[in-house]
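Some notes on the structure that comes next.
Derivation of every value follows stated rules applied to the coordinates shown; laboratory data play no part. Here the structure is a predicted model, which means the values were calculated and not measured. Here Cβ is always computed from backbone atoms with ideal geometry, including for glycine, and neighbour counts include all displayed protein chains.
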Amino acid sequence: MRCLIHIKFLSGWLFGAFVIAGSGCVTTGTDGVVEMGGGLYMVGGLGGAFDHSGSAVKIKYLKMAKEYCEAKQMNMIPVETSARDAGLQHASAEVQFRCVTK
C-alpha cells in the first residue's frame, strides 16, 4: 500500500513537470521572419507560459525584427504593430516592418 502511494505521487509530480516544461515551448508558428512582399516583413506569435503582457511579447518581436535587418546591414522601420495581453490564450504580438538602408 505504501509503495502504491509513492507511485501515485511520483506519477502526478512527473505529469506536472511535463506540463510546466511543455508550456514554455510555444512557438511563433513559423521559423521567424516572413517576407510579405514589396519589402514588407512580418514576425509574430504567442508568448510563453509566463508572458502575460502583449507589450512584452511585442518587444521580443521588435528585437527580432531589428536583428533581422541588422544582419542585412540595414535599419528596421516598424510599419504596424499589435499586441494582445494573456487571457484565455497566451499573450501575443505581431510586428510588420521594413528594412531600409542606413
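Above 15 Å lies some portion of the pair distances; for the stretch 28-101, what is it as a whole percent of all C-alpha pairs? Every Cα pair in the stretch 28-101 considered, those over 15 Å come to 50 percent.
Note on 102, 58, 63: ascending count of other Cβ atoms within 10 Å places them as 102, 63, 58, the fewest first. Gain on full extension, evaluated as 0.36 nm per residue between residue 82 and residue 40 minus their Cα-Cα distance, stands at 13.6 nm.
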